[in-house]
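So the structure is just underneath, and the comments pick up after that.
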Amino acid sequence: MLYKGNEEDVLKVYESVKSIGIVYGYKKSDNEIKFDFISGASELPLDVTTTQRPGYYRINAGFGFVHSFQSPKNFLYPPRTDIAIVTENLYVEVLENNIKSVVLFGVKPCDLAAIRVFDELFASNFNPYYFNRRRGIAGIVVEECLYPSETCFCGSVGTGPDVTDGFDLAFARIDRDFVLFKVGSSFGKIIVNKLRLERANESDVGVYRKLVEEAKKKTSIGISVEDMQKALSISIPNEHLWRKLSEKCLGCANCNMVCPTCFCTEIVDEIENDRSRRIAQWIGCLSYIYGLVAGGHFRKELYTRYRHFVLHKFLFYPKQTGLLGCVGCGRCIVWCPVGIDIRETIKSVVNEYGEKHG
Amino acid sequence: MANPFKEMQKGIVVNEVVETPTIKTLTIRLLNSEMKASPGQFNMVYVFGVGEVPISFSNIYNRGDVFEHTIRFVGAVTRAIMKSIRLGSIIGIRGPYGIGWPIKEVEGSDIMIVGGGIGFAPLRPVVKYLMRFRQAFGRINILYGARNPNEFLFKYEFESYSQIPNSRFLLSIDAPYPGWQHFVGFVTDLIKFADVDVKNTYVFMCGPEVMMRVGVKKLLERGFSKDKIFLSLERRMRCGSGICGSCQFGHMFVCKDGPVFKFSEIENYLAVEGI
Ligand SMILES: Cc1cc2nc3c(=O)[nH]c(=O)nc-3n(C[C@H](O)[C@H](O)[C@H](O)COP(=O)(O)OP(=O)(O)OC[C@H]3O[C@@H](n4cnc5c(N)ncnc54)[C@H](O)[C@@H]3O)c2cc1C
Ligand code: SF4
Ligand code: SF4
Ligand code: FES
């Protein structure tokens with residue numbers, strides 16, 4: 001069911017969920033947009049827009065902000081988590097990192113898809129640090145993406161630009177005076193009722209659907225997921241191809257850090273006085289130390305690490321979670337210092353193997 | 001399931017055997033706890049303030065609180081073990097983790113063990129198990145290779161291995177060495193001398209990945225069956241329990257889907273360098 005309102009109502013939704021718990025979402029902070037605790041409506045990025053291209057990101061005043069280098073991952077699975085304090089005689093105090101009653105506000109459809117990927121992944125590989133925080137989420141409000149960035153390809157991987165389930169309330173900003181609200185749960189319904197929003201009429205819905213269709217088209221790269229997967233799985237032993245595809249890569253692991261579904265973690269010990277703090281922190285499979293072991297390396301060559309990143313998203317995640325690991329957010333494209341474009345990688349692999357080899 | 005980092009137990013080193021200049025076997029007794037481990041599984045061994053490393057069981061006593069780890073000193077954590085851990089030291093232990101050798105399922109068949117270098121350590125509990133329940137298995141062949149005669153682990157047990165009834169215990173070293181009376185060549189070259197019913201033999205193999213690739217090739221050439229070959233793989237591990245993602249091998253997590261895998265299930269991955 002869709003309801004009609006305007007930007008004022010978005011602010012009212014924010015005020016309304018604030019009473020339920022701490023609100024986390026995209027927020028303006030200096031000249032950046034972060035994913036963090038939002039302390040007031042003035043921090044919401046409603047009056048900014050972003051230009052995103054391979055290796056390029058700019059924020060300007062405007063309308064229709066997409067997303068940033070951060071994502072709900074920064075909240076649900078933070079870059080650094082204290083896991084335990086160990087004393088010299090090996091007494092372990094576990095730090096559980098619980099949070100209570102949090103509302104995620106203004107997350108994007110691709111973000112919602114990424115949360116679902118984590119839910120599945122960590123359900124089979126039980127991760128207490130993720131679930132302690134996940135359990136604290138009392139509500140999710142999604143902002144649908146009617147004006148996606150050039151780098152977005154959610155339409156190709158079926159994660160956007162609109163949402164159908166797994167949220168409480170969603171809103172789609174058509175313009176400042178025209179915002180449609182979509183109810184996804186009874187909690188969402190309560191908020192909508194409180195706001196006394198009217199139901200959207202047929203022509204409103206028509207405008208919305210048209211924009212969704214356009215966004216879907218814009219964010220599609222014209223290859224089906226099955227074709228991507230087929231080509232990728234044949235491509236694995238083709239060292240020459242993967243060397244070529246990763247030729248520009250620096251191994252900086254920026255792509256890992258911004259990807260909302262990358263979860264690899266290293267554990268470090270930091271000594272403080274006579275105790276050691278054990279900390280879980282992100283580590284990227286593109287970085288050299290990832291597979292480095294005494295006397296060797298499991299993915300010594302950079303092309304094998306880049307290949308692993310791509311294969312993991314498209315072939316391995318589906319086996320691990322039943323879901324595609326790439327949610328089409330395009331962050332890895334935007335934040336790659338040399339503009340390596342995963343869409344181009346996929347296209348090249350499909351070109352090489354798609355038609356020719358079935 | 002519980003938080004794995006909470007599960008750290010204290011172990012005290014109750015015996016120490018110097019195997020080679022860079023490898024030691026520590027006998028560890030858990031303080032105030034027990035664990036039920038099976039051959040092929042591993043522990044995360046923690047040194048205060050330095051870190052953790054995955055180490056296989058090289059011996060499992062019946063008592064449940066005593067086991068052995070044979071450790072090669074190579075990097076930060078293992079060097080810290082060499083420098084600061086001695087008789088009476090306390091060490092952190094999390095485990096047991098992983099899926100070990102399918103030893104119970106293979107009763108009645110011929111068994112072949114192929115170990116290269118320190119890769120023999122996780123196979124030693126299998127050998128001990130076979131000796132203990134000798135009558136439950138068919139012919140037993142133990143193939144063990146090292147770089148030179150000084151690199152063999154558990155030499156003090158070789159006599160007992162060679163006395164297992166209805167078995168062969170074959171040794172190899174990579175290059176000729178004064179006084180060496182056994183085979184010279186790679187351990188995988190010993191496969192042709194194994195005395196087993198090829199079709200009805202389970203193979204347990206552990207060693208460097210290149211050695212296992214060659215080993216599998218030779219096994220298949222001799223007609224061993226793909227789904228009776230088991231390999232123990234090694235990957236960088238950081239959590240040991242499916243959380244950190246470090247140990248991924250294709251879509252598998254070596255720490256929880258392995259480290260022991262049936263060859264037929266990983267065949268495609270094993271064939272690709274750096275997957
Ligand atoms: C399932 C399994 C069983 C093992 N069993 C044994 C054994 O019985 N005896 C033995 O001596 N060694 C064994 N290893 C290898 C052993 O874990 C490494 O030699 C050890 O981790 C080296 O750590 P380091 O800190 O000394 O070296 P560094 O190179 O300084 O290591 C840094 C980090 O890398 C990791 N690491 C390094 N090498 C390896 C490696 N080969 N495999 C996985 N992680 C690594 C460690 O987690 C360590 O924290 C096993 C590895 C695995 C995966
Ligand atoms: S791989 Fe790239 S496009 Fe896909 S989810 Fe990760 S960051 Fe987004
Ligand atoms: S961000 Fe770009 S350059 Fe850096 S590791 Fe990823 S693909 Fe390579
Ligand atoms: S070692 Fe962490 S997932 Fe396997």
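The values are calculated or read from the model by the stated rules, or taken from the named source; none is laboratory data. Only a predicted model underlies this, so the values are computations on that prediction, with no experimental measurement involved. For neighbour counting, all protein chains shown are included, and Cβ atoms are generated from backbone atoms with ideal geometry for every residue, glycine included. The area values use the complete protein model at the heavy-atom level, side chains included, leaving out ligands, DNA and RNA. Shrake-Rupley method; radii C 1.70, N 1.55, O 1.52, S 1.80 Å.
I'd like the carbon and sulfur percentage of the solvent accessible area for the protein assembly as shown, probe radius 1.4 Å, heavy atoms only, ligands and nucleic acids excluded. Walk me through the numbers on the way to the answer.
Details: 12940 of 25640 Å².
Exposed carbon and sulfur together represent 50 percent of the surface.
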Problem set entry | Radius of gyration, Dmax [the protein assembly as shown; alpha carbons; angstrom] | 28.1, 94
For this session: Using a 10 angstrom cutoff on alpha carbons, build the Gaussian network for chain B and name the most mobile of B:250, B:64, B:75.
Result: B:75
Exercise. Amide H to amide H, which residues 5 or more places from residue A:6 or on other chains are under 5 Å from it, using H placed in the peptide plane?
Worked result: A:179
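In Å², nearest 100, what accessible area do chains A and B bury in total when the solvent probe is 1.4 Å?
On the way: alone 16370 and 12800 Å², together 25640 Å².
Buried surface at the A/B interface: approximately 3500 Å².
Report the full-extension gain for the segment residue A:19 to residue A:199: residue separation times 0.36 nm, less the Cα-Cα distance, to one decimal in nm.
Numbers: separation 180, 0.36 × 180 = 64.80 nm, distance 2.46 nm.
Full extension from residue A:19 to residue A:199 adds 62.3 nm.
Quick one: if the Förster radius is 30 Å, what FRET efficiency do residue A:292 and residue B:163 give, using the C-beta to C-beta distance and rounding to 0.05?
Values: r = 42 Å, r/R0 = 1.42.
Rounded to the nearest 0.05, the efficiency is 0.10.
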For this session: In nm, give the distance between the simple-model label positions of residue B:14 and residue B:79, each being 7 Å from the Cα along the Cα-to-Cβ direction.
Result: 3.2 nm
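Above 18 angstrom, tally the Cα pairs of the stretch A:43-86 and express them as a % of all pairs, no decimals. Spell out each step's value before the answer.
Details: 450 of 946 pairs.
Summing the P(r) tail past 18 Å for the stretch A:43-86 gives 48 percent.
With r defined as the distance between the Cβ atoms of residue A:93 and residue A:210 and R0 fixed at 51 Å, what FRET efficiency is calculated, to the nearest 0.05? Intermediate values should be presented prior to the final figure.
On the way: r = 57 Å, r/R0 = 1.12.
Computed FRET efficiency for residue A:93 and residue A:210 comes out at 0.35.
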Exercise. Farthest toward the dipole's positive end in the protein assembly as shown, which of B:143, A:1, B:13, given Cβ charges of +1 (Lys, Arg) and -1 (Asp, Glu) about the Cα centre?
Worked result: B:143
Exercise. Could you give the dipole magnitude of the stretch A:144-203 about its Cα centre, charging the beta-carbon of Lys and Arg +1 and that of Asp and Glu -1, in debye to the nearest 20?
Worked result: 320 debye
Problem set entry | Rounded Å value of the spacing that divides the Cα centres of the stretch B:198-275 and the stretch A:64-106 | 34 Å
For this session: Ignore the peptide's own chain and count Cβ atoms of other chains within 10 Å of each Cβ in B:229-235; give me the average, rounded.
Result: 1
Exercise. Taking only Cα atoms, what is the 0 to 90° angle, nearest 10, from helix B:209-221's long axis to the longest principal axis of chain B?
Worked result: 30 degrees
For this session: Round to a whole angstrom and tell me the spacing of the C-alpha centers of the stretch A:294-349 and the stretch B:19-63.
Result: 35 Å
For this session: Taking the Cα atoms of the stretch A:33-170, report the difference between the largest and smallest coordinate on each principal axis, in whole Å and largest first.
Result: 57, 30, 29
Problem set entry | Among B:246, B:109, B:160, residue whose mean-square fluctuation peaks in a GNM of chain B (springs only between Cα atoms under 10 Å) | B:160
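Between residue B:192 and residue B:150, what's the calculated FRET efficiency when r is the beta-carbon distance and R0 is 30 Å? Round to 0.05. Write down the numbers at each step before the final one.
Details: r = 26 Å, r/R0 = 0.86.
Efficiency computed from Cβ-Cβ geometry: 0.70.
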Problem set entry | Residue with peak Gaussian network fluctuation, chain B [Cα springs, cutoff 10 Å], from B:45, B:13, B:210 | B:210
Problem set entry | Given charges at beta-carbon only (K, R positive; D, E negative), |dipole| of the stretch B:155-275 in Debye | 180 debye
For this session: Could you list, by residue number, the cysteines of chain A that have no other cysteine's beta carbon within less than 4.7 Å of their beta carbon?
Result: A:145, A:152, A:154, A:249, A:252, A:264, A:285, A:326, A:336
Seminar exercise, completed: Sorted largest first, the Cα spans of the stretch A:202-358 on the principal axes come out in Å as 68, 44, 31
Exercise. Which whole-angstrom value gives the distance between the alpha carbon centres of the stretch B:123-169 and the stretch A:186-235?
Worked result: 63 Å
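Rounding to the nearest 20 debye, state how big the charge dipole of the stretch A:75-207 is about its Cα centre with +1 on each Lys and Arg Cβ and -1 on each Asp and Glu Cβ.
Details: 14 positive and 18 negative charges, 77 e Å.
The dipole magnitude comes to about 360 debye.
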For this session: Calculate, for chain A, the solvent-accessible area per residue in square angstrom, rolling a 1.4 angstrom probe over the heavy atoms of the protein chains.
Result: 41 Å²
